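Asker: I have a structure I would like to understand better, so I am pasting it below and will then ask my questions one at a time.
The numbers here are math on the coordinates, done by the rules we state, and not lab data. This one's a predicted model, so the numbers in the text were calculated from it and none came from an experiment. Here the Cβ positions follow ideal geometry from the backbone for every residue, glycine too, while neighbour counts run over all protein chains shown.
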Amino acid sequence: MYVLDTNVFIDAANAYYAFDLAPGYWNFLVQLFDSRHAVSIKSVYDELDDASDDDPLKAWAKQNKQHFLAPDSRVVSCYQRVSAWAIGNHQQSAVNEFLRVADSWIVAHALANQWVVVTHEKSAPTSKKRIKIPDACAACGVECLSPFEMLRQRGMSLAL
């Protein structure tokens, strides 16, 4: 199962898979959700919901809200482990940002459920200003892929 980061949705909607140009991409994501091959989490939903009311991505997220999961007790336990790693290995400002946004919760959900994280973020293990999801995944033993790797694994093809 894949757990999708906020940037998977935002980058697609704002760049290469705009709703009016590539509706097949969004239909494919819903198919992944419905077939239980992918989910996202409440923290990601909350970030998408912060957009303006006329944002089509916000509307899409609302239509698919059931696929954005809340943490359970196992996730909370893993969140504590992810947080402890961040605190023990990074500057406080980087830790604060990592824990404030959905990133830490994405890693915790993946760790608790043995899921694969999907994000556009790139590893930057020496970064002082920001903790990157792929680095948190590596430290916690969680697999991390790009959205394009996930789409290829799941056999998506956008044909005219």
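Asker: To check my understanding: the extent here is largest minus smallest coordinate of the Cα atoms along each principal axis. What are those three numbers for segment 39-160, in Å, largest first?
Answerer: 48, 31, 29
Asker: Using the alpha-carbon atoms, what tilt in degrees (0 to 90, nearest 10) does helix 103-113 show relative to the longest principal axis of the chain?
Answerer: With rounding to tens, the tilt is 90 degrees.
Asker: A follow-up question, please. Can you work out the base-10 log of I(q)/I(0) for segment 51-97 at q = 0.15, 0.31 1/Å, using the Debye formula on its C-alpha atoms alone?
Answerer: With no solvent term, the Cα-only Debye profile gives -0.67, -1.02.
Asker: Taking the Cα centre of the chain as the origin and placing charges on Cβ (Lys, Arg +1; Asp, Glu -1), which of Ala84, Ser157, Trp105 is farthest toward the positive end of the dipole?
Answerer: Ala84
Asker: If you don't mind, there's one more thing I want to ask. Output wanted: per-residue J couplings in Hz (rounded whole) for segment 71-83, from phi through Karplus 6.51 cos²θ - 1.76 cosθ + 1.60, θ = phi - 60°, x for Gly and Pro.
Answerer: 3J(HN,Hα) across segment 71-83, in whole Hz: x, 10, 5, 5, 5, 4, 4, 5, 4, 4, 5, 5, 4.
Asker: Treating the beta-carbon of each Lys and Arg as +1 and of each Asp and Glu as -1, no other charges, what is the dipole magnitude of segment 7-160 about its Cα centre, to the nearest 20 debye?
Answerer: Roughly 520 debye, rounded to the nearest 20.
Asker: Quote the relative contact order of segment 1-123 in percent (integer), defining contacts as alpha-carbon pairs under 8 Å separated by 6+ residues.
Answerer: The normalised contact order for segment 1-123 reaches 37 percent.
Asker: For segment 57-129, what value does the Rg/Rh ratio take when both radii are computed over Cα atoms and Rh is the Kirkwood radius, given to two decimals?
Answerer: 1.01
Asker: Which whole-number percent gives the relative contact order of segment 73-143, counting Cα pairs below 8 Å spaced six or more residues apart?
Answerer: Computed over segment 73-143, the figure is 35 percent.
Asker: Right, another one. Name the residues whose placed amide hydrogens come within less than 5 Å of the amide hydrogen of Val39, ignoring near sequence neighbours (fewer than 5 apart) on the same chain.
Answerer: HN-HN under 5 Å from Val39: Tyr2, Val3, Leu4.
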